[in-house]
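In what follows, a structure is listed as C-alpha cells, so that the remarks can point back to it.
The values are calculated or read from the model by the stated rules, or taken from the named source; none is laboratory data. Because the structure is a prediction, the values reported are computed rather than measured. Cβ placement follows ideal geometry from the backbone for every residue including glycine, while neighbour counts extend to all protein chains displayed. SASA here: full protein model, heavy atoms, side chains in, ligands and nucleic acids out. Shrake-Rupley method; radii C 1.70, N 1.55, O 1.52, S 1.80 Å.
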Amino acid sequence: MAEEKESLYTYIQKNMVEGALPKEFSLPSTAPDNEIRFADGAQDGIAIYHMADADITAESLKLLEELMHDISDGNYEGAQEKLEEFIQQNTPIAAIDEFEEFIMRNTSWIDPARLHQFGMDCIMSDQVDVVKYGLEIIEVFSEPDEALKEIIRTLGLCDEFTIFSVFNMLRWSNANDEVFAIAKKVHGWGRIHAIERLEPTSDEIKKWLLEEGIINDILPEYSALEVYQKADVRTLLTSQLTQDRLCLVAKIVNTLLDEGPVYGISAIKDADAMLLDFLSQVKQFKPDLTLYETVYQIQLAERSDEVCKACQELLQTKEAKEAITDWTQKGEALDIAENVGIDFLESLYQCIEQDFGSYWHKCEYLFQEDAYREKVVELFRQQVSQIHRTDQSEVRVGFGKEYEDDRRLMYLIQQLDEYPLCGADLVGCALQSPIVGNRNMALRVLHSWCEKRACTIKELSTELFEAVETLKSKEHNESVLKNITEYAF
C-alpha cells in the first residue's frame, strides 16, 4: 500500500518557530535542481500585479458543475479527479471569483455539508493548488470555529497561501486584527497582499506601516503607495518630525520614486508639494545618509524646477559636501559624490582592498579610470579563488554560498567588454564555469574584444582561442552553443 503523503498544513506546522515560519522556509519543490523555481507566492503575485484577468471557459464551467454534482452526491473520489482536471485549466487565483460565484449562485442544489467536508479535505492536501481551492470553498461559508480558524492562520503563514487565508479572514468579525497579525508574521508576497487589505484603524497599525510596511523579501515598491496612504505620510510631512521618523518617511518617498513594477509617485496628486515639504523637513537636520540619498533620488526624478532647485541647494552646501566626503570613506554615497564633483576613487579602492567581501560589487566605478582598472582585476584575481570547473555536462544556476566566487566572477567580466585582454585569464575561467550565464558572458566579452580589435579570436589570443575550442567540444547548453555560432567562434 502506498504511503500517505504529508499534508502541506502539517509540513508548515512542523516548521513553525515561535508562531511563525523562518525566513528561509519554502514549500517542498519537485523542480529539478537545474531549474529556477518560483519563491512561495511569486506566481500568484505576478499574476495579480502584472497579468490581465482571464475568464473561465465554458468547458471549465461545465467541469465545475460536474465537480459540484459529484460533491453533492458524496462522490468525493470523482470530485477529486475533476478538481485536478479543473486545476490543469485554471489557477486558483485566476479562477477565484468565478469559482466562488458559481457556488453562491447554486446553493439551491449544492449540498453544503458535503461541500464543507470536501473543502476541509482539500486544505489538508499535499498539493498546493488543491489547498488553495479548499480555502476558496471554506471562504463561502459563515465564520468558522476557532479550530478551523487556527488551521487557516497556520496555512497563511506560508507566502504561497497568505492571500487565500486573508480572503477568509476578511469575512471574520475581527477581520482587520487578523490581517494585521498575519502581516507581521510573513515577509514575502504574503506581506504585500496583507498590507494591501489592511485598514489603518489604529495608531499602532499606522506606526507599524511607517516602520515596516515597505520591508519585504520581494520589492518594497509593491507596498510603497499603500503604506504612503495608510500611514498618512502626507499629513506627517506637515507636522514637526523627529529625524528618525523623517528617515522612515524618506525610505517610503525614495521607494515611491521607482515605478518599475507598480504605480508610485505618479499616483499622488500633489506629489511636488509633498516633495517640497519633505525637503523643507530635511533642511532642519544635519546631513544624514538616508535623507540625502532620497534628496538625490528626487533630483534624478526631474520633478518641477522648484523641486530640483531645492534638491540642488541641499546637496551643494558646504556641510553636505563634507558629509558626502565622509560617507565615501566608507564606500557609501558614491553616486551623490559623483553628482556634486567629489573625487572618491582612491577611497573606494581602499575599501575594496581592505574588505573585499563587502565592497567588491562597487568596482564598476573604478573601471572608468586606467589607473585603477588593472589594480581591481588583480584584487579579483587574488580573492576569487574558488572558481568551479565543469565539463558542461551539467547545467547549474549557481545559487548558494558555494558559488559565490562564480557570481563575483560574472560581475567582474561584465565590466571588461570595453577593455580588450584586460583580465583575459579570468575570462578564460568564466568559460569553464558551471554557471551558464558566466560562459555566455565570457563569450560576449570575447566577441566585443574581437570587434574592437577587428580581429578573429585566434588573432586576439591563442590561449583564449584554445579555451573556446575546448568549450565547443564539451558544451551541451543550447544558449551557449547558439552564442558560439552567432559570434562565429
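The number of residues in the range 144-177 that are within 23 Å of Ile195 (Cβ to Cβ), open to solvent by 10 Å² or more (accessible area, probe 1.4 Å) and without any contact (Cβ under 8 Å) to a residue 40 or more places away in the chain comes to 11.
Okay, residues lined up against (1) out of contact with any strand residue (DSSP E or B) (no Cβ under 9 Å at 6 or more places or on another chain); (2) modelled with pLDDT under 90; (3) more than 26 Å from Leu481 (Cα to Cα):
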site	(1), (2), (3)
Ala371	yes, yes, yes
Val384	yes, yes, yes
Glu394	yes, yes, no
Asp417	yes, no, no
Asp425	yes, no, no
Ala442	yes, no, no
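Note on the range 413-452: residues that are buried (at least 18 other Cβ atoms within 10 Å of the Cβ) and among the acidic types (Asp, Glu) amount to 1.
So, Gln281, is that one buried (at least 18 other Cβ atoms within 10 Å of the Cβ) and over 24 Å from Tyr349 (Cβ atoms) or not? Show your work before the answer.
Numbers: buried (at least 18 other Cβ atoms within 10 Å of the Cβ): yes; over 24 Å from Tyr349 (Cβ atoms): yes.
In short, yes.
If you take the residues in the range 227-236 that are open to solvent by 50 Å² or more (accessible area, probe 1.4 Å) and touching a helix residue (DSSP H, G or I) at 6+ places or on another chain (Cβ under 7 Å), which one is farthest from Leu209 (Cα to Cα)? Steps first, answer last, please.
To start, the set of residues in the range 227-236 that are open to solvent by 50 Å² or more (accessible area, probe 1.4 Å) comprises 229, 232, 234-235.
This time we only want the ones that are touching a helix residue (DSSP H, G or I) at 6+ places or on another chain (Cβ under 7 Å), so: 232, 234.
Numbers: Asp232: 10, Arg234: 14 Å.
Only one residue fits best here, namely Arg234.
Go through the residues of the range 453-465 one by one and say whether even a single one is surrounded by fewer than 18 Cβ atoms within 10 Å (Cβ to Cβ) and either aliphatic (A, V, I, L, M) or under 37 Å from the mean Cα position of the chain (by Cα) (or both). The answer is yes, given that some residue of the range 453-465 is surrounded by fewer than 18 Cβ atoms within 10 Å (Cβ to Cβ) and either aliphatic (A, V, I, L, M) or under 37 Å from the mean Cα position of the chain (by Cα) (or both). Determine if the range 295-315 includes at least one residue that is basic (Lys, Arg), more than 31 Å from the chain's Cα centre (by Cα) and surrounded by fewer than 17 Cβ atoms within 10 Å (Cβ to Cβ). Yes, there is a match, as at least one residue in the range 295-315 is basic (Lys, Arg), more than 31 Å from the chain's Cα centre (by Cα) and surrounded by fewer than 17 Cβ atoms within 10 Å (Cβ to Cβ).
Looking at Asp159, Asp129, Asp177, can you tell me which residue is at pLDDT 95 or above, farther than 24 Å from Val17 by Cβ and of a type in the set (D, E, K, R)?
Working: Asp159 fails: farther than 24 Å from Val17 by Cβ; Asp177 fails: farther than 24 Å from Val17 by Cβ.
Answer to the selection: Asp129.
Considering only the range 98-107, I want to know if a residue exists there that is in contact with a helix residue (DSSP H, G or I) (Cβ under 8 Å, 6 or more places away or on another chain) and over 16 Å from Leu61 (Cβ atoms). Taking every residue of the range 98-107 in turn, none turns out to be in contact with a helix residue (DSSP H, G or I) (Cβ under 8 Å, 6 or more places away or on another chain) and over 16 Å from Leu61 (Cβ atoms). Filtered by the rule that a residue be open to solvent by less than 30 Å² (accessible area, probe 1.4 Å) and either part of a helix (DSSP H, G or I) or farther than 15 Å from Thr294 by Cα (or both), the range 237-260 gives Leu241, Leu246, Cys247, Val249, Ala250, Ile252, Val253, Thr255, Leu256.
A quick yes/no check of all residues on (1) open to solvent by 70 Å² or more (accessible area, probe 1.4 Å); (2) part of a helix (DSSP H, G or I); (3) of a type in the set (D, E, K, R); (4) farther than 29 Å from Leu157 by Cβ:
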{"residue": "Gln43", "(1), (2), (3), (4)": "yes, yes, no, no"}
{"residue": "Ile46", "(1), (2), (3), (4)": "no, yes, no, no"}
{"residue": "Glu85", "(1), (2), (3), (4)": "yes, yes, yes, yes"}
{"residue": "Gly119", "(1), (2), (3), (4)": "no, yes, no, no"}
{"residue": "Cys122", "(1), (2), (3), (4)": "no, yes, no, no"}
{"residue": "Asp129", "(1), (2), (3), (4)": "no, yes, yes, no"}
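When restricted to residues that are open to solvent by less than 70 Å² (accessible area, probe 1.4 Å) and modelled with pLDDT under 90, the range 30-41 contains 2. Only residues that are among the β-branched types (Val, Ile, Thr) and not in a helix (DSSP H, G or I) were counted across the range 302-351, and they come to 2.
Filtered by the rule that a residue be open to solvent by 10 Å² or more (accessible area, probe 1.4 Å), closer than 23 Å to Ile12 by Cβ and within 28 Å of the chain's Cα centre (by Cα), the range 89-117 gives Thr91, Ile93, Ile96. Among the residues of the range 413-424, are any more than 27 Å from the chain's Cα centre (by Cα) and not in a loop (DSSP other than H, G, I, E, B)? Within the range 413-424 (the criterion being more than 27 Å from the chain's Cα centre (by Cα) and not in a loop (DSSP other than H, G, I, E, B)), the answer is yes, since at least one residue qualifies.
Residue under question is Leu256, and the condition is that it be at pLDDT 95 or above, more than 26 Å from Ile163 (Cα to Cα) and not acidic (Asp, Glu); does it hold?
On the way: at pLDDT 95 or above: yes; more than 26 Å from Ile163 (Cα to Cα): no; not acidic (Asp, Glu): yes.
Against the criterion (at pLDDT 95 or above, more than 26 Å from Ile163 (Cα to Cα) and not acidic (Asp, Glu)), Leu256 does not qualify.
Output yes when any residue across the range 110-118 is in contact (Cβ under 8 Å) with a residue 12 or more places away in the chain and farther than 20 Å from Ile151 by Cβ, and no when none is. Within the range 110-118, one or more residues are in contact (Cβ under 8 Å) with a residue 12 or more places away in the chain and farther than 20 Å from Ile151 by Cβ.
Here Tyr403 clears all of (1) hydroxyl-bearing (Ser, Thr, Tyr); (2) outside any loop (DSSP other than H, G, I, E, B); (3) modelled with pLDDT of 90 or more except the condition numbered (3).
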